[in-house]
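Structure record follows, encoded as structure tokens.
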Amino acid sequence: MKLTLKNIGKVYEADINLPGVTVVAGPNGTGKSTISRALMVLKTLNRNLPMLVGYERVLSIMAAFRSAVSEMKLQLIHMKTPGYDDLGAWGEALQVDLWRNEGAFSEWVSRCFMPYMGTERPEGGLGILILDGSDPKEKIGRLFKILSPRAQEILRKDIAEYERHVCTKALNTAFASQWVPSGASTCEGWLGIEDEGVVCRLDYRNGEVCGNAMPGSRDAESWIYLE
């Protein structure tokens, strides 16, 4: 395995062979943590990028749902935010047919947000949507008309754009938003792994990921980073 870095954290440029157990030694501030964090980011993204992209798309749909409910002055309580490994019923909201068919949307809302008893979220539901007063069916129809074009716009968004956002977010998390070399806001760089001819790579420009190659994990190994 070979790790290559260019303009990332403390490292200007490096080609590092990792044939097995590898020890990286040196004084403080020379880039040891940069090397291990870069390796961790690449391995994590290569294994989980499709799931992380799906999660970000769900968060966008959730935000649009909350906004539309707020505009209608409806009450939404016990909203359930999914975990990374369990998108649950929110994953259904990534199907464009749901946002083209008012009947399918009404069924989804009824199943996931109603019925409710008191303030208890229904088993398997996503939250509680209070539709007291006038005809609930009419309110769901209005909600569909507001939310449908916004949800379809989200789902039309280029997956590559979501991938770049997720990759940038992963770098910011791993490096505490300090992965671009100090004073080098206009520089370009990359980090990559080559293993048996398979390449995982991130390219960035001016503090944003501009390209990625993530072929997916080929094994069942777990990667753990401890600091």
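Quick notes
- Using C-alpha pairs under 8 Å with a sequence gap of at least 6, the mean separation divided by the residue count of the chain gives a relative contact order of 29 percent.
- For the residues 148, 60, 70, a 1.4 Å probe over the protein chains yields an accessible-area ranking, largest first, of 70, 60, 148.
- Segment 1-82: C-alpha gyration tensor shape, a/c 1.5 cut-off, then a/b vs b/c: prolate
- Here's how it looks for residue 209: its modeled amide H is under 5 Å from those of 168, which are all 5 or more places away or on a different chain.
- The chain: C-alpha gyration tensor shape, a/c 1.5 cut-off, then a/b vs b/c: prolate
- In this rough spin-label picture, where each label sits 7 Å from Cα along the Cβ direction, the residue 84-residue 114 distance is 3.6 nm.
- Computed [θ] at 222 nm, deg cm²/dmol, the chain (DSSP H ≥ 4; -39,500 (n - 2.57); rounded to nearest 500): -13500 deg cm²/dmol
- Placing 210, 200 in order of accessible area, with the largest value first and a 1.4 Å probe, yields 210, 200.
- Of all the options 83, 91, 54, the one that moves most in a Gaussian network model of the chain with Cα springs shorter than 10 angstrom is 83.
- Less than 5 angstrom separates the built amide H of residue 127 from those of 80, all sequence-distant by 5 or more or on a different chain.
- Portion, in percent, of the accessible area of the chain that falls on carbon or sulfur, probe 1.4 Å: 50 percent
- Per-pair calculated FRET efficiency, R0 = 25 Å: residue 25 and residue 196 via Cβ, rounded to 0.05: 0.40
- Structure note, pairs 73/157; 43/80; 6/43; 137/157: Cα-Cα distances above 25 angstrom occur for 73/157; 43/80; 137/157.
- Chain lengthening between residue 158 and residue 226 when straightened (0.36 nm per residue, less Cα-Cα): 21.1 nm
- A Förster radius of 45 Å combined with the Cβ-Cβ distance from residue 12 to residue 138 puts the calculated FRET efficiency at roughly 0.10.
- Within a Gaussian network of the chain (alpha carbon springs, distance under 10 Å), most fluctuating of 145, 169, 73: 73
The values are calculated or read from the model by the stated rules, or taken from the named source; none is laboratory data. Every value quoted in this text rests on a predicted model; they were computed, and no experiment measured them. Cβ sites come from the backbone with ideal geometry, for glycine too, and all protein chains shown count toward neighbours. Heavy atoms of the whole protein, side chains included, go into the accessibility calculation; ligands, DNA and RNA do not. Shrake-Rupley method; radii C 1.70, N 1.55, O 1.52, S 1.80 Å.
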